[in-house]
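See structure below.
The values are calculated or read from the model by the stated rules, or taken from the named source; none is laboratory data. Bear in mind that the values here come from a model prediction, so they are computed numbers and not experimental data. Please note: Cβ atoms are built from the backbone with ideal geometry, for glycine as well, and neighbour counts cover all protein chains shown. Heavy atoms of the whole protein, side chains included, go into the accessibility calculation; ligands, DNA and RNA do not. Shrake-Rupley method; radii C 1.70, N 1.55, O 1.52, S 1.80 Å.
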Amino acid sequence: MVKIKTCIFISGKGSNLNNLIKKSRDYNFPISIDLVVSNNPEAEGIRHARKNSIPILVVNTKKRNFENKILKILKEKKIDFICLAGYMKIISKNFLINFRKKIINIHPSLLPKFKGLNTFSRIIKNKEKKTGCTVHYVNKNLDSGNIIIQKVFYIKKSDNEEILKNKTQYLEYRAFPEAIIKVFRKN
Ligand code: GRF
């Protein structure tokens with residue numbers, strides 16, 4: 001099966017990256033992971049790429065043209081799809097034009113609720129009854145593109161931020177691969 005060449009952008013732990021690397025080995029999974037981009041040279045997730053011999057590009061976001069450097073390498077490697085998995089930078093309009101409808105992101109809330117950072121503390125403060133995760137297309141507005149998939153769970157009184165985070169991530173490991181399958185499903 002011909003797979004879609006994909007790049008995963010990370011900034012931290014990379015547990016979603018690791019999960020997608022494993023899934024991408026399934027014969028029927030639509031993407032292969034051909035590059036990992038990190039804006040953080042210390043990102044733990046880099047070791048998952050290294051262990052699996054996936055090329056890694058670490059970029060210095062303090063340099064004005066860092067996105068052009070990424071774009072150049074993405075073109076060289078014929079990357080056709082991008083997954084943001086905990087990437088903590090905003091993608092510029094210019095970058096989006098080059099990958100129109102080809103960038104997806106995973107967010108730890110039921111969008112449109114709780115866009116942005118510090119989601120779990122806000123969810124608790126707001127006394128939400130349920131939460132979950134969302135995989136969505138990336139557009140020029142933060143956490144606002146079309147939703148591909150959401151997964152939900154009910155919050156218990158005993159759930160603190162740490163527990164919410166763990167429960168959400170557990171769902172993310174199912175949601176991200178399912179969303180990718182949905183994106184490339186031929187009707
Ligand atoms: C995920 O929880 C995702 O929702 C958010 O960043 C986190 C990344 O976790 N955007 P990891 O680096 O994949 O472990």
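Here is a yes/no grid of residues against (1) on the phi > 0 side of the Ramachandran plot; (2) hydroxyl-bearing (Ser, Thr, Tyr); (3) outside any loop (DSSP other than H, G, I, E, B):
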| position | (1), (2), (3) |
| --- | --- |
| 149 | no, no, yes |
| 153 | no, no, yes |
| 162 | no, no, yes |
| 167 | no, no, yes |
| 170 | no, yes, yes |
| 173 | no, yes, yes |
| 178 | no, no, yes |
| 183 | no, no, yes |
| 186 | no, no, no |
*Restricting attention to region 130-161, report how many residues are of a type outside the set (Val, Ile, Thr), touching a residue at least 40 places away in the same chain (Cβ under 8 Å) and open to solvent by 50 Å² or more (accessible area, probe 1.4 Å).*
5
*Give me a count of the residues in region 115-129 that are part of a loop (DSSP other than H, G, I, E, B) and in contact (Cβ under 8 Å) with a residue 40 or more places away in the chain.*
0
*How do the strands (runs of 3 or more DSSP E) wholly within region 1-114 filter down when requiring 1 or more residues that are open to solvent by less than 40 Å² (accessible area, probe 1.4 Å) and within 15 Å of the ligand (Cβ to nearest atom): which remain?*
4-10, 31-38, 81-84, 103-107
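Yes/no matrix, rows are residues, columns are (1) within 13 Å of the ligand (Cβ to nearest atom); (2) among the β-branched types (Val, Ile, Thr):
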{"site": "130", "(1), (2)": "no, no"}
{"site": "134", "(1), (2)": "yes, yes"}
{"site": "146", "(1), (2)": "no, no"}
{"site": "164", "(1), (2)": "yes, no"}
{"site": "170", "(1), (2)": "yes, no"}
{"site": "180", "(1), (2)": "no, yes"}
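Yes/no per residue for (1) acidic (Asp, Glu); (2) under 28 Å from residue 67 (Cβ atoms); (3) in contact with a Gly (Cβ under 8 Å, 6 or more places away or on another chain):
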position: 114; (1), (2), (3): no, yes, no
position: 131; (1), (2), (3): no, no, no
position: 159; (1), (2), (3): yes, no, no
position: 186; (1), (2), (3): no, no, no
*asked:* Among the residues in region 87-99, are any out of contact with any helix residue (DSSP H, G or I) (no Cβ under 8 Å at 6 or more places or on another chain) and closer than 23 Å to residue 170 by Cα?
replied: yes
*Just one of 51, 72, 63 is within 28 Å of residue 175 (Cα to Cα), out of contact with any Leu (no Cβ under 7 Å at 6 or more places or on another chain) and without any contact (Cβ under 8 Å) to a residue 12 or more places away in the chain; which is it?*
51
*Can you confirm whether region 53-74 contains a residue that is on the phi > 0 side of the Ramachandran plot and out of contact with any strand residue (DSSP E or B) (no Cβ under 9 Å at 6 or more places or on another chain)?*
yes
